[in-house]
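Okay, so here's the structure we're looking at.
Throughout, read-outs are computed from the coordinates displayed, never taken from laboratory work. What you see is a predicted model, and the numbers here were worked out from it, not measured in a lab. As a convention, Cβ positions derive from the backbone with ideal geometry for all residues, glycine included, and neighbour counts pool all protein chains shown.
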Amino acid sequence: MTSIGRLGLLLMMRFVALFGLGLMTVEADESIDGGKIFQTSCLACHSGALLEAPKVEALKLYPPERIVTSLESGLMSTAGMALSRSEKTAVAEYLTGKKVTKAGNSVSTYTCKSTEIATPSTVSNLAWNGWGGQSDNSRHQQDAAWITADNVSDLKLKWTFAFPDATRVRAQPTVTDNMVYIGSQAGIIYALDANTGCVHWEYQAKAEVRGAIFVQNDLLLFGDLEGNAYAINAISGKLLWRTKVHQSPLAVVTGSVIADASKVYVPVSSLEIIPAARPDYECCSFRGAVVAIDIQSGEKVWTTYTVDEPKATYKTSVGTQQHGPSGAPVWSGPTLDLERNLLYATTGQNYSSPATGTSDAVLALDLESGEIKWVTQVTKGDAWNGACSRNTPNCPKEDGPDYDIGASAILSKQKNGKQLLIVGQKSGMVYALDPDAQGKVVWKKRVGSGGTMGGVHWGMSTSTEKVFVGVSDLPTNNAYNIGDAHPGIHSLDLKTGEFVWRKTLPNVCPKERKFLCFPGISAAVSSSADLVYAGSLDGMFRIFSASNGDILWEYNTTQAVIGNNGVKGYGGSIEADGPVIANKSVYLTSGYDKWGEAPGNLLMVFSIGGQ
C-alpha cells in the first residue's frame, strides 16, 4: 500500500468511527464468538507478552463502547483493521459482559447548587497553573507554609472525585482559590468546586485529555488525544475555538500546553510507533512539532517541526518502503522563558532511520517566529519504534535505547539569581544546561539505571538549592541500561549536581497481585519549602523531608471509595501526573491501566485534618 493510500485509510477509519457509524446502530451478531476472537488475536499481548498493553483484568473494567472506539480510531486501530464492526462489538461485549450502546459519559451526579455554591464570575488566585505550577515548570510551592514537617502527620483525605467509566487518570488538575479544572479519559473537562468537588459545569472534548489545563485571560487551554487544541471559557465552559494542530492522523497532544499573553504553545507527539510494528506499514512519516496558536482567534501563528520532511530511504527485508527522518515527538509540556524570549521543548527518539541531531534533545525556540535558536542533544543515535520490541522488520537500523525525554525542562533559579535548565531523561541521567550559553551542559549526574519507563520519566522539581528526582528503574529488557537500579527519590545539589541524599523505596507490594506493583517513581515529583511529594507505581503516596529524604507521611491510594459525586472509585498505580500543592490542600490522581499497571479513576484531595 502506498503512503497516500495508508494515510487515506487511517483518515477514513477515524472519520467513520467519529461521524459515520454511531454506536447506537450497532447490534451484536450472536453468531460471532467474541471470546474466540479475543483468545486468538488479543490474549497473548493482554496477558503480559506486550508490557504496554492493558491486562485482561483492566479491560474488564472498560465501558464496551471504549473498546470498540479504541479498535476503530484509537490506540488499537491498526489491530482492529482486520476485524469487522460486528467482531469488534463481540469482543467488547465478551470482555466487559455489557452490551454496546450509545456512549454517555456525562455524570453530573454532584452538581453544585447555585443556592449553596455560586459559580465564580472570574478566575482568581491561580494557586497552581498548568503542568509545573508556573511557567518555569519547577513544580515547587515555596509559600505552602500551611503544611510542614511538624504537622504533615495530620494530613487526611478531604474529598474524592471518581471519574465515571474510567480506568486511568492521566490529566493533572489546575487549581484556583475556588475551582479545580481537570480533563479525563472520556474527554470531559470538569470544573469542580475546590472545597467540595461538586461539578459547576462540564465540557466534552473530541477525545481523551491527558495534559494539565493552562489558564490565561480567563480561558482554559488544553489539547486532546486526536491532535486538537482548545480554548474554552473558564466561567461557563463555552468553546471559544478548537484547532487541529498537525496534519498527521496519528498526531496527539499528550503534553500540557503553556501560554503567554498572546499565544498558546502546543506540544505534538504521535502514536505512529504502534502501527510501525506491522511489517507492511511504511514507516514513518510523523514529525514532532511545537505549534503556536493565537490565544484569541485560534489561528496558527507558527509551526516548528523537530525533524526535516521524511523521504524514501530503503526497503525492509519484506520489501516495505521506509521513510526518514521521522519522530522526535514532543511528549511533555514546553517551558516559557520570557526574559530570553524563548520556549524550551524536550524531544523523544526518532521513529525511523536516520537518527537526527534533534531527537532526545532540548530545543530552544524563538517565541515570536518559532525559529530554533539552539539544540542540546543528550543521546545520539536513538531511532526506535514498536517493531523493535516485537522483532519485526520495521525496526530502524539504530535499534536505539528508546531514551526519549518525557519530562518537561525546568527553568530553575539559584539563590544568587543564576538560572539553569534542568532536564531528566529515561536513561537515568539528569542534566543542567546553561540557557545563557546556547544550552551548554554545566553538569550531569546518573540517578538510576534507566529503562523503558525511566530512569526519570515524567518530571522533577527544583527549589533554589536542590533538585528532587523521582526514579522509576522498572526492570525492562533494555540492553542499554547502566548500573544498579535505584527506584525511589533522590536529591541533587542544584549548583553542582552532587547527591544531597538518596532514598530507595521499600517494596510493599502484596504477594498476591493482579497488576504490576513496583516501588519506583514514574510520576512527576513536587516540592514545597521543606517537603517533597511523590506517588509511586505501587499506588503509595508519600511525603518526604526535603533536608534528608526521611518518609514523614504515606497513604495507600489503592483502595475502593465512593467519590463525592456518587460514583464508585478505586485507586491504582500513580504513573504520570504529580501532586498539586494549592489552597491548603494536596491534589493527587491515582490509576493507570497500561503497562500492566493497576487501573483506577480517582482525584484525591488531602488537607490538614481533612478540613
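Things worth noting here:
- Where a label projected 7 Å from the Cα of Gln438 along Cα→Cβ would reach, residues of region 354-374 with amide N under 12 Å: 373-374
- Förster radius 51 Å - calculated FRET efficiency between Arg446 and Ile562 (Cβ-Cβ, nearest 0.05): 0.70
- In this Cβ point-charge picture (+1 for Lys and Arg, -1 for Asp and Glu), region 312-420 has a dipole of about 180 debye about its Cα centre.
- Amide H contacts of Ala582: Tyr587, each under 5 Å away and 5 or more positions distant or on a separate chain (H built 1.01 Å from N in the peptide plane; Pro and chain starts excluded).
- For region 216-227, the Karplus equation 6.51 cos²θ - 1.76 cosθ + 1.60, evaluated at θ = phi - 60°, returns couplings of 8, 6, 6, 10, 9, 10, 6, x, 10, 7, 10, x Hz by residue, with Gly and Pro reported as x.
- Theoretical ellipticity at 222 nm over the chain - DSSP helices of four or more residues, -39500 (n - 2.57) apiece, nearest 500: -2500 deg cm²/dmol
- Ranking Val209, Phe161, Leu126 by how far each Cα lies toward the positive end of the dipole of region 106-256 (charges on Cβ) leaves Val209 at the top.
- Under 10 Å, Cβ to Cβ, from Ser256 - net charge with Lys/Arg +1 and Asp/Glu -1: 0
- Correct choice for semi-axes √(5λ) of the Cα gyration tensor in Å that was computed from the model, options [x] 46, 27, 22; [y] 37, 32, 24; [z] 33, 30, 25: [z]
- If the chain linking Ser31 and Lys584 were pulled fully straight, counting 0.36 nm for each residue of separation and taking away their Cα-Cα distance, it would gain 193.3 nm.
- For region 430-502, the Cβ-based charge dipole about the Cα centre amounts to some 60 debye (Lys, Arg positive; Asp, Glu negative; other atoms uncharged).
- Region 433-526: projected area of the alpha-carbon convex hull, averaged over directions, in nm²: 7.3 nm²
- Positive contributions from Lys and Arg (+1) and negative ones from Asp and Glu (-1), summed over other residues with Cβ under 9 Å from the Cβ of Val301, come out at -1.
- The calculated P(r) of region 150-301, using every Cα pair and 10 Å bins from 0, goes 11, 37, 30, 15, 6, 1, 0 in percent.
- Separation of the alpha carbons by more than 25 angstrom is noted, of Lys311/Lys444; Lys55/Lys98; Lys300/Lys373; Lys156/Lys413, for Lys311/Lys444; Lys156/Lys413.
- C-alpha center-to-center spacing [region 309-348, region 468-508] in angstrom: 27 Å
- Dipole magnitude for the chain: about 460 debye, using +1 per Lys or Arg Cβ and -1 per Asp or Glu Cβ, origin at the Cα centre.
- Of Lys99/Lys594; Lys244/Lys380; Lys380/Lys440; Lys503/Lys568; Lys206/Lys584, pairs whose Cα-Cα distance is over 26 Å: Lys244/Lys380; Lys503/Lys568; Lys206/Lys584
- Averaging Cα coordinates gives a centre for region 585-605 and one for region 197-259; these two points are 21 Å apart.
- Residue among Tyr190, Pro334, Thr356 farthest towards the positive dipole end of the chain, charges placed on Cβ: Thr356
- Whether region 334-469 is rounded, prolate or oblate, judged on the alpha carbon gyration tensor where a/c under 1.5 counts as rounded: oblate
- For region 169-244, the Cα gyration tensor yields ellipsoid semi-axes of 18, 13, 10 Å (square root of five times each eigenvalue, largest first, whole Å).
- Residue-span extension gain [Asp550 to Asp280] - 0.36 nm each, minus C-alpha spacing: 91.9 nm
- Distant-in-sequence amide H partners of Asp577 (H built 1.01 Å from N, under 5 Å): Ala524
- Take the Cα of Asn217, step 7 Å toward its Cβ, do the same at Tyr314, and the gap between the two points is 5.0 nm.
- Under a 5 Å amide H cut-off, with hydrogens placed 1.01 Å from N, Ala289 pairs with Val268, Thr306, Val330 among residues at least 5 apart or on other chains.
- In this calculation the C-beta distance from Leu240 to Asp484 is compared with R0 = 56 Å, giving a FRET efficiency of 0.65.
- Lys/Arg +1, Asp/Glu -1 at C-beta; the chain dipole; positive extreme among Ala289, Ser269, Gln322: Gln322
- Charge tally for Pro64 (other residues, Cβ to Cβ under 9 Å; Lys, Arg +1; Asp, Glu -1): +1.
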